[in-house]
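The values are calculated or read from the model by the stated rules, or taken from the named source; none is laboratory data. Given the structure is predicted, the values throughout are model-derived calculations rather than measurements. Here the Cβ positions follow ideal geometry from the backbone for every residue, glycine too, while neighbour counts run over all protein chains shown. What goes into the accessible areas is simple: the full protein's heavy atoms, side chains included, and nothing from ligands, DNA or RNA. Shrake-Rupley method; radii C 1.70, N 1.55, O 1.52, S 1.80 Å.
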Amino acid sequence: MSLGFGRHTLAIPGPSVMPDRVLQAMHRPAPNIYSGEIVDIAASLFPDLKEIAQTQGHCAMYIGNGHAAWEAALANTLSRGDEVLVLATGFFGEAWGWMADRVGINTQVLDFGKRADLDLAQIKAALRADSGHKIKAITCVQVDTTTSVKNDIAALRKTIDAVGHPALLMVDCIACLGCDRFEMDAWGVDVMVAGCQKGLMVPPGLAFVFFNDKADHAQETADLVSTYWDWRPRANPEQFYQISCGTAPTHHIYGLREALNMIHEEGLDNVWTRHEVLARAVWSAFDHWGQDGPVELNIADPSKRSVAVTSVRLEAPFGDDLQAWVKQEAGLTLGIGLGMAPRGSTQAGGFFRVGHMGHLSAHMLLGTLATIEAGLIALDVPHRPGGVTPAAQVIADHTRRATS
Ligand SMILES: *Cc1c(COP(=O)(O)O)cnc(C)c1O
């Protein structure tokens, strides 16, 4: 008999848990979209979004998901035949490059594999080799949600500057905006893309592109820009319909307003710290279990791990079996391993991910970890017993430090 009744827990890396406050803010009748409250609420979102992105630049909003933001970033800065340097540290970094290919951009891909962050020496060499400055943009993820690696974006900018290369730096923060620290202006990022359904705690449906003046200037010669994707009217609307090039995403605007209120009440620094502490709790549990068995964190170096998501390796078929067990027996859905091994291969069942982004308390996370431990026991997966204890210790140590 299953013990999976009661509230089901979703611990996948997006969409993330939706706060009741966000859901309640959205539960209301359709507003007039020509004047009134919705116009002011929509305008109020942008300063708050820029604060979270740590930028004084521009922000365009689209009705769309992360893929829409990817396409928007390309469409506003590039032309067919342009060259882009694609930095891949997992499936998502690669996939942004495929979108560029499809619209006629020439991509040069540097693939750093599935267990490592960017190799700056290789990037430097590739940029040096481009003495004619054919490369117009460099695309990269801050956090690749498939591998859970976190790239050092400030160091990447320093590398680009050291070579004196003028390419635009475009960064995907879809997984981690509002989770992992990010400072767009201080780190010299020209274009940043994000979505609303991960760290921002809103149902999927809003995509954001942040850009600076340099990127906006590139738009003047870009031949991919079209009426719908044009970021200028969206970022600087003269009429309300222009913020979304048509009917506004009314209920997402209400939901996002509430989510931003919640982030503001907690404080962005505290939001980052909470994610960091909870992530350390996750890592400590897996490190412990893995001492006597096949459980292993995908990224070995803690300084290169995202605090929003954790990618785990657990010898096939244990990875799949554990996901099935926690779902059926205990009411918990974990994230699947994405793009880690070819589909249908024997290794494919050897991965899963824990999403720990957005609306998450210590209690919710400890429940997830304890449930994973129950699954390891129930399935006879070799592991060192007691991984929840070091996780509890991380939580306790943090509050002790904070109150003493
Ligand atoms: C989730 C995610 C995407 C894709 O977003 P969609 O909303 O599914 O289109 C892209 N990049 C990263 C890093 C992500 O985490």
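Quick look at the numbers
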{"quantity": "Probe 1.4 Å - accessible area at LYS198, Å² to nearest ten", "calculated": "20"}
{"quantity": "Solvent-accessible ranking of PHE286, PHE92, largest area first, probe 1.4 Å", "calculated": "PHE92, PHE286"}
{"quantity": "Anisotropy class of the stretch 1-151 from Cα gyration tensor, a/c 1.5 cut", "calculated": "oblate"}
{"quantity": "For the chain, built as a Gaussian network whose Cα springs stay under 10 Å, the top-fluctuating residue of ALA391, ALA11, ALA248", "calculated": "ALA248"}
{"quantity": "Whichever lysines have a C-alpha closer than 17 Å to that of LYS114, once near sequence neighbours (fewer than 8 apart) are set aside", "calculated": "LYS150, LYS304"}
{"quantity": "Nitroxide proxy distance, nm - points 7 Å out along Cα→Cβ at ASN32 and HIS67", "calculated": "3.8"}
{"quantity": "Rounded to the nearest 10 Å², the accessible area of VAL163 at probe 1.4 Å", "calculated": "40"}
{"quantity": "The stretch 227-311 - charge dipole about Cα centre, Lys and Arg +1 at Cβ, Asp and Glu -1, debye rounded to 20", "calculated": "260"}
{"quantity": "Reach of LYS327 by Cα under 24 Å, taken over lysines that are not fewer than 8 positions away in the same chain", "calculated": "LYS198"}
{"quantity": "Per-residue SASA entry for TRP98, accessible area with 1.4 Å probe, Å² rounded to 10", "calculated": "130"}
{"quantity": "Ellipsoid equivalent to the chain - semi-axes via the Cα gyration tensor, in Å", "calculated": "35, 27, 19"}
{"quantity": "Computed over the chain: relative contact order in percent, which uses C-alpha pairs under 8 Å that are six or more apart", "calculated": "24"}
{"quantity": "Accessible area expressed per residue, the chain, with surrounding protein chains retained (probe 1.4 Å, Å²)", "calculated": "42"}
{"quantity": "Simple label model, 7 Å out from Cα along Cβ direction - ASP101 to THR389, nm", "calculated": "5.0"}
{"quantity": "Debye, to nearest 20: dipole size of the stretch 196-351, +1 on Lys, Arg Cβ, -1 on Asp, Glu Cβ", "calculated": "160"}
{"quantity": "Two-site label geometry, GLU276 and GLN347: point separation in nm, points 7 Å out along Cα→Cβ", "calculated": "3.3"}
{"quantity": "Among 166-174, 21-29, 347-355, 80-88, the order from most to least packed when residues are scored by Cβ within 10 Å on average", "calculated": "166-174, 347-355, 80-88, 21-29"}
